[in-house]
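The block underneath contains the structure these notes are about, expressed in C-alpha cells.
The values are calculated or read from the model by the stated rules, or taken from the named source; none is laboratory data. Source: prediction; values computed, not measured. Backbone-built Cβ (ideal geometry, glycine too); neighbour counts: all protein chains shown. Note: accessible area is taken over every heavy atom of the protein model, side chains too, but ligands, DNA and RNA are not part of it. Shrake-Rupley method; radii C 1.70, N 1.55, O 1.52, S 1.80 Å.
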Amino acid sequence: MTVLEVQGLRRSFAGLRAVDGVSFGIDQGEVVSVIGPNGSGKTTALNLVSGVLRPDEGRVLFQGRDVTGLRPERLAEAGLSRTFQNGRVFGNLSVAENVLIGLTPTLRAARPLARWRDIPVLRWLSLLAETAVALVDPPSVRRELAEREAEVESQLDRFGDRLRPRAEAAAHTLSYANRRRTEIARALASGPALLVLDEPTAGMNPVETAEVLEQLLALKAAGQTILLVEHKIDLVMRLSDRVLVLDAGTVIASGPPDEVRNDPRVIEAYLGKRRPAVRP
Amino acid sequence: MLDTALAGLVNGSSYALLALGLSLIFGVANVINFAHASVFAVGAMSGWWFSVDLGWPLWTVLLGVMAVTGLLGLVINLVAVTPLAKAPPIAALLSTFAVSVVVDNGAQLVFGPETRRFPALLATDNLGLGGLRFGTLDVTILAVAIGLMLVLGWFLRATRYGRAIRAVAQDRDAAAQMGIPLARVQNLAFVVASVLGGVAGVLGGMYLNNISPTVGSTVGMSAFAAATLGGLGSLPGAVAGGLLLGVVEAFGVSWWGGNARTLITFAVLLLVLWVRPSGLFGKRSPLAAEPMTGTFFGAARTVRLRPWQVAVAAVAAYVVPAVALDDYTVQIGVQVVVYAILALSLTLVSGQAGQISLGQAAPLAIGAYTSALLTTGTGLDFWLSLPISGLVAAVLSVALVSPSWRLRGHYVSIATLATGLLVAAAAVNFDWLTNGPSGVSAIPPPTLFGAPVSAPLAVYFLDLTILLVVLLLVVRLRRSTLGRIWSAIREDEVAARSSGIAAAEYKSLAFGIGGFVAGIGGALFAQQYGYIDPSVFGISVSLLALTIVVLGGLNSPLGAVVGAIVLVGLPEALRMLEETRMLTYGLLLLAVVLFRPQGLMGKVAR
Ligand SMILES: Nc1ncnc2c1ncn2[C@@H]1O[C@H](COP(=O)(O)OP(=O)(O)O)[C@@H](O)[C@H]1O
Ligand SMILES: [Mg+2]
C-alpha cells in the first residue's frame, strides 16, 4: 500500500525555486531517503509534505487522502510525525513531558468532543469541554494520563540509558544528541504511519550516529515507514530501500542505494563536485 | 476637501518621520522600539524649551533638538536594546516599553504635567493657492520632512555607513561575516532614527499647537500604526504609511470629530494586521517562526508553596484586614485584589501560553462597562451581571485578537496593543452605548442576602473570595493536559503544531479564559468605584498588569498576587504621586528584564 504519494510539488521563495517539481511515493514499510547538496531543497520538501509550508503547485496524498495544504496539526493527527533539522524540543518542559506532548493525538478522555474541532464556532464546545475536564480532572482522565505516562517510559527505553536518567530534566539542559533523541521519541510516541526525519544525526559523533542507525534499523525491522533526509551517506546506504537525489529543487536520480551511488549524474552533481558537508 | 487632505499630509509627515525611525530600527536591530514615541515627546518638549525659554530661532531649535534626541536614542540602545541582544524578542520589547514609561514620566517631572502652548514660530494662514489657504508653517513642515527623507535616502545609498545599515538590515549574519561592525551600525541606526523622531516632535508640536509630556504616546501609537501599515522594516512603506494615515485621520476627524482620531488609527492598524500583516510594502514575512519568550522567563522554575503554607496565607488574608487594618488600608487591599485578578488573566495568556499581551486593559474595560451598563441600565442583579461581563469580555477579546493568530511574536503583541487602545477609543466614541467620555456613574453596589456589599471590608471579602477561586482555576489549568499543551505552544509553536496541537485554537482558548477572568475583574472594579470612564482603562493599566506578572514571575500564579501587592499596594500605602509611581514602575520593569528575568517568584533552574 502507498503511504505517501507526492506529485509535482513546487515552492518558490521570492523567485528562488526551492522545490521545483518533485514527485515520489513511499510504500508501507519502506525507508526512502532524500540526499542532495546543501540548499537543494530537502528541508523545504519535508516542510511541504508535513504541512509546515504550503506548496505553490502539486499534490500530497497521505494514505490515499489528498492532504495538500492541510495544517501540520491535522497531518500529525492523521499519522504523519516529523523531526526538525535544527532540533526543536520544548526547552522548559522535561524530557518526559516532551514525549507526552507527542502523544497528544492519542488523547481521548482529556480532549472530549474532538470531532467538533473542524466546525467553526461549534469547536468552542470542544474547547470548553476540554477546559472543564482540565479543571475537574475526572478519574477517566487520570487513568488515561497514567497509561500515557507508561507509554512515555517505554518510548524512553528505546534509547537505553541515554534518556531514562534524564526523564525529569528540562530539555534545554540536555546535550545536543539527547535533544535529537528526545525529538525522535516525541515523533514516534503516537505510533505514526509515516515518520519523517530531517538530518537526525546532524551534529552527532560517529558512535552516536551508529547508535541512531541501529535504532532506525530496528524500527525498519518492526515495519515503520520512514522518510529520511540525511547527509551521512553510509547511514543512508545501509538503511534505505530507495534513495532520491535532489539538486536545485529537482530530483536528478532515484532508485536503490547501489544504483544511485554509481549514477554518473549523481557523482557529478553531488558526490564528485561538492562533497556533502558534515555540519558541526 | 483639499485643505483637509493638505492638513492630513502635514500631520502625516510627522508620522512618516517617526515611522521611518521605527522601521529603520526594526530592520537593523529586529526590535520594535516602544521608546520611540518618547523620543517624539522629548523632541517636542525640548523644542518648546529652546524656543520659549531660550528664545532660539527655528533652525537652531531644530539642531538643538536633533542633538538631544540623537543622544537619547543612543542611550536607549545602549541601556535597553544592546544588553538584551541574545535574549528572546520579548525582552527588548519590554525593556523599550519600560524606557518609554521612564522617559515620559521623567519628562513629566522635569517639565510638569500640564499642557503647554507651542509658540507660533511661523504663520499658519498667510498663503493661498487657487482657493486653498495654508501657512508658512505648513510649507515649512512639509519641506523639512521631505528634505530629511531625501537626506536619509542619500545617506543610506551613498555613504559607507548608510550602506552598512542597509546591509545589516538585509542580513545581519552575512553583514557580520563581511566585517561590518554590528554594534556601531546599530548605535548609528538608533541615533539617526531618533534625530528624525526629535524633528518630528518639533514639527508635530508646531502643528498641534500645544504639547504635553504624554503627547508622545498618542502620536507614537499613530506612527506605529503607520509603520505597520507601510510594512515594518520598509522605509518607503513608512513614508507612504505615515502620509496615508495622516490623510485618513484628517478626513475621519473632519467627518466624525476629534475623538474619532484614535478609533480610526487603531481600527486601521488592526485591519492591516488581519488582512495584510506584511503591510503595503513589507517584504519580510511576519509569519516566520520566532518563539517570543523562549527560555528567557521559563529558565525559571516557579517557587512552589506547600498546601499548608497556602492555607495559612489565605486565612491570614481574611483575618488580618478584619482585625488589624483601618478602612483606608482595606480599600488598598481591594485594589490589590482586583489587580491580582487582572494579572492572573495575563499569567494564563502570557505566562502559560506565551502570547505577550500589551492590551489586557481591553477585557477589563469590557467587563467593567458590561457590568456597569447592565446594573444601571436594566437593573440587572450584580451576581447575574458578573458571569455575563466575563463572557462578553471573553468573546470580544477572542474576536478581536484571534484574526491575528497567523502572526507570531512581535505582531501578536502589536495586535493586543491595538486591541487595548481600540477598546478604550470605542468607549470614548460610542456614546450611545457607553455615554462617551463622561462615563457611567451611580453603579449600585452588589447585594448579598439582601444587604448591600459596600463597606470596605465586605467588598474586600467578596473580591478576595473571587480571587482565590480564580487562583485555584489558574493553578489547576496549569497542571492539566491543557496547561502542558499551552506550554508546548509557548516553547515552540512549529514543533507543537507538528505534534498535533492546533495552536490557533488553543491560543484563542487562552485569550478567552484570560478575557473571562479579566472581565470578572472589570465587573468588580466597576462596582467597587461606583463610577467608570474611558480614561480609567488606558495603556498604563495594561502596562501595570504586565509589569506585575513580569515582576512576580511571568509563569507563576502566586507571583501575580505578590506582584500586585508590591506594585499596587506599596505605592498606594506610601501615597506615592502618580508620576513618581509610573516612573518607579518603568524603572522596576527595566531592572527586572535586565537583571532578573525570571521574576521575584521564580528561581533559576539548574
Ligand atoms: N523560509 C524560507 N524563506 C526563504 N528562503 C528559504 C526558506 N526556506 C528555505 N529557503 C531557501 O530554499 C533553498 C532550499 O533550502 P532547504 O530546503 O533548507 O535546503 P536543504 O535542506 O536541502 O539544505 C535554500 O536556498 C534556502 O535558502
Ligand atoms: Mg535542510
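If I filter segment B:155-176 for residues that are part of a loop (DSSP other than H, G, I, E, B), open to solvent by 40 Å² or more (accessible area, probe 1.4 Å) and free of Cβ contacts under 8 Å to residues at least 60 places away in the same chain, do I get at least one hit? I'd like the intermediate steps shown before the answer.
Looking only at segment B:155-176, we keep the residues that are part of a loop (DSSP other than H, G, I, E, B), and these are B:159, B:171.
Adding the requirement that they be open to solvent by 40 Å² or more (accessible area, probe 1.4 Å) leaves B:171.
Next, from what is left, pick out any that are free of Cβ contacts under 8 Å to residues at least 60 places away in the same chain: B:171.
Checking segment B:155-176: at least one residue is part of a loop (DSSP other than H, G, I, E, B), open to solvent by 40 Å² or more (accessible area, probe 1.4 Å) and free of Cβ contacts under 8 Å to residues at least 60 places away in the same chain.
Could you run through segment B:431-452 and say how many residues are of a type in the set (A, V, I, L, M, F, W, C), open to solvent by less than 30 Å² (accessible area, probe 1.4 Å) and either under 21 Å from B:VAL517 (Cα atoms) or out of contact with any Leu (no Cβ under 7 Å at 6 or more places or on another chain) (or both)? It would help to see each step written out before you state the result.
At the first step, the residues of segment B:431-452 found to be of a type in the set (A, V, I, L, M, F, W, C) are B:432-433, B:440, B:442-443, B:448-449, B:451.
Retained after the next criterion (residues that are open to solvent by less than 30 Å² (accessible area, probe 1.4 Å)): B:440, B:443.
Narrowing further to those that are either under 21 Å from B:VAL517 (Cα atoms) or out of contact with any Leu (no Cβ under 7 Å at 6 or more places or on another chain) (or both): B:443.
Qualifying residue count for the region: 1.
Which of (1) facing chain A (nearest Cβ under 10 Å); (2) without any contact (Cβ under 8 Å) to a residue 60 or more places away in the chain is the odd one out, the single condition B:ASN435 does not satisfy?
For B:ASN435, the failing item is (1).
Of the residues B:VAL248, B:VAL219, B:VAL268, which single one is of a type in the set (Val, Ile, Thr), away from ligand 1 (no atom under 16 Å from the Cβ), at pLDDT 85 or above and open to solvent by 50 Å² or more (accessible area, probe 1.4 Å)?
Exactly one of B:VAL248, B:VAL219, B:VAL268 is of a type in the set (Val, Ile, Thr), away from ligand 1 (no atom under 16 Å from the Cβ), at pLDDT 85 or above and open to solvent by 50 Å² or more (accessible area, probe 1.4 Å), namely B:VAL248.
From B:GLY559, B:GLY515, which residue is within 19 Å of the chain's Cα centre (by Cα) and surrounded by 23 or more Cβ atoms within 10 Å (Cβ to Cβ)?
Within the list B:GLY559, B:GLY515, the selection yields B:GLY515.
Does A:VAL141 qualify as being touching an Asp or Glu at 6+ places or on another chain (Cβ under 9 Å) and assigned to a helix (DSSP H, G or I)?
On the way: touching an Asp or Glu at 6+ places or on another chain (Cβ under 9 Å): no; assigned to a helix (DSSP H, G or I): yes.
Answer is no for this residue.
Conditions tested, residue by residue: (1) touching a residue at least 24 places away in the same chain (Cβ under 8 Å); (2) away from chain A (no Cβ under 14 Å).
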site	(1), (2)
B:SER454	no, yes
B:ARG484	no, no
B:ALA518	yes, yes
B:ALA523	yes, yes
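Here are some conditions: (1) more than 29 Å from A:LEU75 (Cβ to Cβ); (2) open to solvent by 20 Å² or more (accessible area, probe 1.4 Å). A:GLY223 meets all but one. Which one does it not meet?
For A:GLY223, the failing item is (1).
Go over the candidates A:ARG88, A:ARG71, A:ARG10 one by one and state the one that is within 21 Å of A:LYS232 (Cβ to Cβ) and either without any contact (Cβ under 8 Å) to a residue 24 or more places away in the chain or open to solvent by 40 Å² or more (accessible area, probe 1.4 Å) (or both).
Sole residue among the options that is within 21 Å of A:LYS232 (Cβ to Cβ) and either without any contact (Cβ under 8 Å) to a residue 24 or more places away in the chain or open to solvent by 40 Å² or more (accessible area, probe 1.4 Å) (or both): A:ARG88.
Looking only at residues in segment A:118-138 that are outside any loop (DSSP other than H, G, I, E, B) and at the interface with chain B (Cβ under 7 Å from one of its Cβ atoms), which one is farthest from B:ARG476 (Cα to Cα)?
A:ARG123
Answer with yes or no whether A:ARG142 is at pLDDT below 95 and assigned by TED's automatic domain parsing to the domain that holds A:THR104.
The answer is no for A:ARG142.
Mind checking which residues of segment A:164-208 are of a type in the set (D, E, K, R) and either crowded, with 18+ Cβ neighbours inside 10 Å or within 20 Å of A:VAL52 (Cα to Cα) (or both)?
Answer for segment A:164-208, where residues must be of a type in the set (D, E, K, R) and either crowded, with 18+ Cβ neighbours inside 10 Å or within 20 Å of A:VAL52 (Cα to Cα) (or both): A:ARG166, A:ARG179, A:ARG180, A:ARG181, A:GLU183, A:ARG186, A:ASP198, A:GLU199, A:GLU208.
Restricting to segment B:463-482, count the residues that are within 7 Å of chain A (Cβ to nearest Cβ) and either closer than 20 Å to B:SER397 by Cβ or open to solvent by less than 30 Å² (accessible area, probe 1.4 Å) (or both).
5
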